[in-house]
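Visitor: One structure coming up, written as structure tokens, with questions to follow.
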Amino acid sequence: MAGDQLHQLRLHEARRLLESHELSARDLTEACLARLDSVEPYVKAMISVCAEEALQQASAADRMRAAGKAKPLTGIPFIAKDLLCTRGVRTTCGSRMLENFVPPHNATVIDRLLEQGSVLIGKTNMDEFAMGSSTEHSAFYPSCNPWNLDCVPGGSSGGSAAGLAAGEALFALGTDTGGSIRQPASFCGVVGMKPTYGRVSRYGAVAFASSLDQIGPLTRDIQDCAVVMNVIAGQCEKDSTSAPIEVPDYTAFLGRGVQGLRIGVPQEYFVEGLQPDVRRTIEDAIHELENMGATIRRDISLPSTKYALAAYYIIAPSEASANLARFDGVRYGFSRQLATTEESVLATRGEGFGAEVKRRIMLGTHALSSGYYDAYYVKALKVRHIIREEFRQAFEQCDLLAMPTSPTVAFPIGSKIHDLMQMYLSDILTIPANIAGIPALSLPCGFAHGLPVGLQLMASSFREDLLLQVGHAFQQASEWHLKQPLL
Amino acid sequence: MLSNEQVRHIAWLARLGVTDAEVERFRDDLSIVLEHFHALGEVNTDHVPAAAHASRLQNVFREDVPQPSLPFDEVLANAPSTQDSCLRVPPILE
């Protein structure tokens, strides 16, 4: 393969070339960094690039392989959302508040990848504190969609999706609180998985909404997703919410087909506001799964789906208002030091946070405040219980659910930033999986208006294997995941 | 619809310094979102338990074993103001 195409390799293809010594980690890393140099001025996917460290890690990976100690991800370049703590590498969370924060520790997922000998190319742009659906709420600059630079890449893990689609690395890490991995994956034509709550350790991820946040991979295809999940999944003593449940070899489920599987298509996800061309593309994909031998169940209903958005915009801001209370300008982060503690804290938080973060902190503070707590917060938690129960019942009648990831394809930069509810509605189809804690996957299934469309699959808790099995079968029968943007 | 007074109260509870222009803006923004919350009133939640999380785990315990923690200087390296391995803050008592 020509050196100027190495950045396009899928992870499992690169791994094969590395294992057969046809390619070195050093060459692969140099190819990604060269690609990054040429496309980054247009895509703006990154907040920090660690070229020098990456080259050192790549050389170390080559030595690891020469010593016979190579692992599945040895020498594979990746990028990580800038809310995952990286020891000695600035971690901004897309915020002025953490603009100069250099963590003394690695997130568990970063540790696990670096132990494999993976190469960290840099940290990706995001909506501030992961609050947003377009990267336009980044305190620094918006990222652009590699398929159309006038459009957003989605968010909040927009930099991860855009950087991967543009060829700046072979896989990426993101986080998903209400769709922040799946929606940008859908917008940028890559695979994105939100694992089950508790499947992946959240240690070292800057907290947004602790009962909803999950870390997950963005990859070029399903096989790559399975390989990364094998490394990052599993219990960790530093996150007590990580589940003591054994991690299967996710690659073992690839190639099993869809024969005999029941796939539910809940009509509640084919909402008002769903673009007709997106609907058509999703219907075609579901038809394809049926042709391959899956049983399509259109009688599956999740009637409370329409309440998930309101419940989410109470629960997530409530948790955020508590989590973000730690930013007081005393221990780390942006600090305005005035005569009294009170003045200092007010000024630090008033100047350090951007408008969207302030809005959400205030929403949550209001929902938790005396006189409103029962009407808002407790009510939302009860609705959450109902939504969870509806999923439980649905998964007694079918093995998976299929629906669109987002009601629209990527939208133009600037088109929703002044319309709060339009922006929030962008996550209407992804939020329910976070509310219920179940795993969900977005994979490319076609194009509408020249932009990628994502098919979303959901399964019951800890059944990531089913998502990968079905996603892989779909990719065996289609070539949407092989399309790359012309940049 | 929230009043400016309510917005100032919420901002104070959240310890957020806000300008007069922000008060106006957040009053309108928050009112729009709160309006959407009313939809939840349609849902009958009598006898429904509140689900604070979706995890199956309850009360996770571990042995309390002393372990090395991060070095002082590394932890304090990000602090805006320190003195003698301590964080410096304004006085809170006269």
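The values are calculated or read from the model by the stated rules, or taken from the named source; none is laboratory data. Keep in mind that what you see is a predicted model, and the values were worked out from it rather than measured. Every residue, glycine as well, gets a Cβ built from its backbone with ideal geometry; the counts of neighbours run over all protein chains shown.
Visitor: Which one is nearest to the chain's Cα centre (by Cα), of the residues in segment A:312-338 that are at the interface with another protein chain (Cβ under 7 Å from one of its Cβ atoms) and in a helix (DSSP H, G or I)?
Guide: Selected residue: A:313.
Rundown of residues vs (1) more than 7 Å from chain A (Cβ to nearest Cβ); (2) part of a loop (DSSP other than H, G, I, E, B); (3) surrounded by 13 or more Cβ atoms within 10 Å (Cβ to Cβ), yes/no style:
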position: B:33; (1), (2), (3): no, no, yes
position: B:53; (1), (2), (3): no, yes, yes
position: B:80; (1), (2), (3): no, yes, yes
position: B:91; (1), (2), (3): yes, yes, no
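Visitor: So for segment A:195-214 (the condition being touching an Asp or Glu at 6+ places or on another chain (Cβ under 9 Å) and at positive phi), does at least one residue qualify?
Guide: Yes, because at least one residue in segment A:195-214 is touching an Asp or Glu at 6+ places or on another chain (Cβ under 9 Å) and at positive phi.
Visitor: May I pose another question? In segment A:104-123, which residues are in a helix (DSSP H, G or I) and of a type outside the set (Val, Ile, Thr)?
Guide: Hits for segment A:104-123 are A:111, A:112, A:113, A:114, A:115, A:116.
Visitor: Name every residue in segment A:222-251 that is at pLDDT 95 or above, acidic (Asp, Glu) and surrounded by fewer than 23 Cβ atoms within 10 Å (Cβ to Cβ), in order of residue number.
Guide: Listed by number, the residues that qualify are A:239, A:246, A:249.
Visitor: If the requirement is being of a type in the set (Val, Ile, Thr) and in contact (Cβ under 8 Å) with a residue 40 or more places away in the chain, which of these qualifies: A:86, A:91?
Guide: A:91
Visitor: Between residues in segment A:454-480 that are of a type in the set (Val, Ile, Thr) and residues that are part of a strand (DSSP E or B), which pairs lie under 8 Å by C-beta distance while being six or more apart or on different chains?
Guide: Qualifying pairs under 8 Å: A:470/A:263; A:470/A:400; A:470/A:457.
Visitor: Do the conditions hold for residue A:124, that is, is it within 14 Å of chain B (Cβ to nearest Cβ), modelled with pLDDT of 95 or more and under 20 Å from residue A:43 (Cβ atoms)?
Guide: The answer is no for residue A:124.
Visitor: Checking residue A:206 against (1) of a type in the set (A, V, I, L, M, F, W, C); (2) within 26 Å of residue A:95 (Cα to Cα); (3) surrounded by fewer than 23 Cβ atoms within 10 Å (Cβ to Cβ), which test does it fail?
Guide: (3)
Visitor: While we're looking at this one, here's another question. Give the number of residues within segment A:337-367 that are within 17 Å of residue A:316 (Cα to Cα) and surrounded by fewer than 19 Cβ atoms within 10 Å (Cβ to Cβ).
Guide: Final tally of qualifying residues: 1.
Visitor: Looking at residue A:371 and the list (1) more than 7 Å from chain B (Cβ to nearest Cβ); (2) assigned to a helix (DSSP H, G or I), which single condition is not satisfied?
Guide: Going through (1) more than 7 Å from chain B (Cβ to nearest Cβ); (2) assigned to a helix (DSSP H, G or I) one by one, residue A:371 breaks only (2).
Visitor: Residues of segment A:391-405 being surrounded by fewer than 24 Cβ atoms within 10 Å (Cβ to Cβ) and in a loop (DSSP other than H, G, I, E, B), which ones?
Guide: A:398, A:399
Visitor: Here is a follow-up. For segment A:67-87, indicate whether the set of residues that are of a type in the set (Asp, Glu), surrounded by 24 or more Cβ atoms within 10 Å (Cβ to Cβ) and closer than 30 Å to residue A:345 by Cα is non-empty.
Guide: yes
Visitor: Among (1) surrounded by fewer than 16 Cβ atoms within 10 Å (Cβ to Cβ); (2) at pLDDT 95 or above; (3) within 7 Å of another protein chain (Cβ to nearest Cβ), where does residue B:39 come up short?
Guide: Going through the list (1) surrounded by fewer than 16 Cβ atoms within 10 Å (Cβ to Cβ); (2) at pLDDT 95 or above; (3) within 7 Å of another protein chain (Cβ to nearest Cβ), residue B:39 breaks only (2).
Visitor: Further question: How many residues, within segment B:3-21, are more than 7 Å from every other protein chain (Cβ to nearest Cβ) and crowded, with 18+ Cβ neighbours inside 10 Å?
Guide: Of the residues in segment B:3-21, 1 are more than 7 Å from every other protein chain (Cβ to nearest Cβ) and crowded, with 18+ Cβ neighbours inside 10 Å.
Visitor: Against the definition (touching a residue at least 12 places away in the same chain (Cβ under 8 Å), surrounded by 24 or more Cβ atoms within 10 Å (Cβ to Cβ) and of a type in the set (A, V, I, L, M, F, W, C)), how does residue A:308 come out, yes or no?
Guide: yes
Visitor: Of all residues in segment A:339-354, how many are out of contact with any helix residue (DSSP H, G or I) (no Cβ under 9 Å at 6 or more places or on another chain), facing chain B (nearest Cβ under 7 Å) and charged (D, E, K, R)?
Guide: Selection size over segment A:339-354: 0.
Visitor: Follow-up question, since we're still on this one. Residue check, residue A:262 against (1) surrounded by 21 or more Cβ atoms within 10 Å (Cβ to Cβ); (2) touching a Ser or Thr at 6+ places or on another chain (Cβ under 8 Å); (3) among the basic types (Lys, Arg), all met but one. Which one?
Guide: Of the numbered conditions (1) surrounded by 21 or more Cβ atoms within 10 Å (Cβ to Cβ); (2) touching a Ser or Thr at 6+ places or on another chain (Cβ under 8 Å); (3) among the basic types (Lys, Arg), the odd one out for residue A:262 is (1).
Visitor: With respect to residue A:15, is the statement that it is among the basic types (Lys, Arg), surrounded by 16 or more Cβ atoms within 10 Å (Cβ to Cβ) and within 24 Å of residue A:180 (Cα to Cα) true?
Guide: When the stated conditions are applied, residue A:15 does not pass them.
Every residue, every condition in (1) aliphatic (A, V, I, L, M); (2) within 27 Å of residue A:306 (Cβ to Cβ); (3) touching a strand residue (DSSP E or B) at 6+ places or on another chain (Cβ under 7 Å), yes or no:
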site: B:9; (1), (2), (3): no, no, no
site: B:23; (1), (2), (3): yes, no, no
site: B:50; (1), (2), (3): yes, yes, no
site: B:79; (1), (2), (3): yes, no, yes
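Visitor: Go through the residues of segment B:61-72 one by one and say whether even a single one is in contact (Cβ under 8 Å) with a residue 12 or more places away in the chain and at the interface with chain A (Cβ under 9 Å from one of its Cβ atoms).
Guide: No, segment B:61-72 contains no residue that is in contact (Cβ under 8 Å) with a residue 12 or more places away in the chain and at the interface with chain A (Cβ under 9 Å from one of its Cβ atoms).
Visitor: Please go through (1) facing chain A (nearest Cβ under 8 Å); (2) of a type outside the set (Lys, Arg); (3) in a helix (DSSP H, G or I); (4) out of contact with any Ser or Thr (no Cβ under 9 Å at 6 or more places or on another chain) for residue B:49 and return the number of the only condition it doesn't satisfy.
Guide: Among (1) facing chain A (nearest Cβ under 8 Å); (2) of a type outside the set (Lys, Arg); (3) in a helix (DSSP H, G or I); (4) out of contact with any Ser or Thr (no Cβ under 9 Å at 6 or more places or on another chain), residue B:49 violates only (3).
Visitor: Something else about it: Of the residues A:357, A:378, which single one is assigned to a helix (DSSP H, G or I) and facing another protein chain (nearest Cβ under 9 Å)?
Guide: A:378
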